[in-house]
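Student: The structure's right below; bear with me while I get my questions together.
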Amino acid sequence: MEVKAKARFLRTSPKKIRLVIDMVRGERVAKALEQLKFSKKAAKFPVIKLLNSAIANAEHNFNLKRDNLLIKKITADGGPVLKRWRARAMGRGAGIKKRSTHLTIVLDEIEASVDKVKKTKKTKVLKVAGEKKSSPETKFKKSADN
């Protein structure tokens, strides 16, 4: 079962975050958190926060175990760019682009869990006076007589 989490409009460029997420792509969750913990990049903080959020989603919403999760997909896509101007020599201006990032993570199970509920078809039973249970054959005979 796939579990998703998103962090949008992060005020860090996608290029800086991609350096961090490339270290943990395809890893188990525990190993990824350990690698991020000892990374020197400042972009690790939003990635750790989003990874913890995805783990919490898996545990709370889908009753999955933390030890059975791996990072299936993690992407850092470009968000909106804030365009600013800076004064330069001889009365000119130079553009500054302040980039933002949309970060998406997808976790998946290593081994599929067997706790999935099987759906069974329920048949409607007509209650007839004097009978406790009726089979499908008697149900149609009784209703046809009425």
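Student: Considering region 49-66 alone, what residues qualify as being surrounded by fewer than 18 Cβ atoms within 10 Å (Cβ to Cβ) and in a helix (DSSP H, G or I)?
Tutor: The first filter runs over region 49-66 and keeps only residues surrounded by fewer than 18 Cβ atoms within 10 Å (Cβ to Cβ), leaving 49, 52-53, 56-57, 59-63, 65-66.
Hits for region 49-66 are Lys49, Asn52, Ser53, Ala56, Asn57, Glu59, His60, Asn61, Phe62, Arg66.
Student: If you don't mind, another one. Looking at region 88-107, which of the residues that are more than 31 Å from the chain's Cα centre (by Cα) and under 30 Å from Asp22 (Cα atoms) is surrounded by the most Cβ atoms within 10 Å (Cβ to Cβ)? Outline the logic, then answer.
Tutor: Just the residues of region 88-107 that are more than 31 Å from the chain's Cα centre (by Cα), to begin with: 88-96.
Imposing the further condition that a residue be under 30 Å from Asp22 (Cα atoms) reduces the set to 95-96.
Numbers: Gly95: 8, Ile96: 10.
Out of the qualifying residues, it is Ile96.
Student: Continuing with the same structure: Kindly evaluate Val106 against the criterion of being of a type in the set (A, V, I, L, M, F, W, C) and in a strand (DSSP E or B).
Tutor: Details: of a type in the set (A, V, I, L, M, F, W, C): yes; in a strand (DSSP E or B): yes.
In short, yes.
Student: Oh, and also: Out of all the residues in region 67-87, is one or more small (Gly, Ala, Ser), surrounded by fewer than 10 Cβ atoms within 10 Å (Cβ to Cβ) and either modelled with pLDDT of 55 or more or in contact with a strand residue (DSSP E or B) (Cβ under 7 Å, 6 or more places away or on another chain) (or both)? Full working, then the answer.
Tutor: The initial filter retains those residues of region 67-87 that are small (Gly, Ala, Ser), namely 76, 78-79, 87.
Filter once more, so that each one left must be surrounded by fewer than 10 Cβ atoms within 10 Å (Cβ to Cβ): 87.
Of the ones still in play, those that are also either modelled with pLDDT of 55 or more or in contact with a strand residue (DSSP E or B) (Cβ under 7 Å, 6 or more places away or on another chain) (or both) are 87.
Looking through region 67-87, at least one residue is small (Gly, Ala, Ser), surrounded by fewer than 10 Cβ atoms within 10 Å (Cβ to Cβ) and either modelled with pLDDT of 55 or more or in contact with a strand residue (DSSP E or B) (Cβ under 7 Å, 6 or more places away or on another chain) (or both).
Student: Return the only residue of Pro46, Pro14 being buried (at least 18 other Cβ atoms within 10 Å of the Cβ), in contact (Cβ under 8 Å) with a residue 60 or more places away in the chain and not aliphatic (A, V, I, L, M).
Tutor: Numbers: Pro46 fails: in contact (Cβ under 8 Å) with a residue 60 or more places away in the chain.
On inspection, the qualifying residue turns out to be Pro14.
Student: For region 60-67, does any single residue satisfy the condition of being aliphatic (A, V, I, L, M), closer than 22 Å to Glu109 by Cα and in contact (Cβ under 8 Å) with a residue 40 or more places away in the chain? Please lay out each step first, then the result.
Tutor: As a first pass, look at region 60-67 and keep what is aliphatic (A, V, I, L, M): 64.
Subset that is closer than 22 Å to Glu109 by Cα: 64.
Checking which are in contact (Cβ under 8 Å) with a residue 40 or more places away in the chain leaves us with 64.
Yes, some residue in region 60-67 is aliphatic (A, V, I, L, M), closer than 22 Å to Glu109 by Cα and in contact (Cβ under 8 Å) with a residue 40 or more places away in the chain.
Student: In addition: Can you name the residue in region 29-48 that is touching a helix residue (DSSP H, G or I) at 6+ places or on another chain (Cβ under 8 Å), part of a helix (DSSP H, G or I) and of a type in the set (A, V, I, L, M, F, W, C) and is also farthest from Pro14 (Cα to Cα) among such residues?
Tutor: Ranking the candidates gives Ala30 first.
Student: Still on this structure, I have one more. If you go through region 88-110 one residue at a time, how many are under 30 Å from Asp67 (Cβ atoms), among the β-branched types (Val, Ile, Thr) and at pLDDT 95 or above? Walk me through it before giving the result.
Tutor: Here is the first cut: in region 88-110, the residues under 30 Å from Asp67 (Cβ atoms) are 101-110.
Those left that are additionally among the β-branched types (Val, Ile, Thr): 101, 104-106, 110.
Applying the additional criterion that residues be at pLDDT 95 or above yields 101, 104-106.
Counting residues in region 88-110 that are under 30 Å from Asp67 (Cβ atoms), among the β-branched types (Val, Ile, Thr) and at pLDDT 95 or above gives 4.
The values are calculated or read from the model by the stated rules, or taken from the named source; none is laboratory data. Fair warning: this is a prediction, and the values are worked out from it, not measured in the lab. Counting neighbours? That spans all protein chains shown, and the Cβs are built from the backbone with ideal geometry, glycine included.
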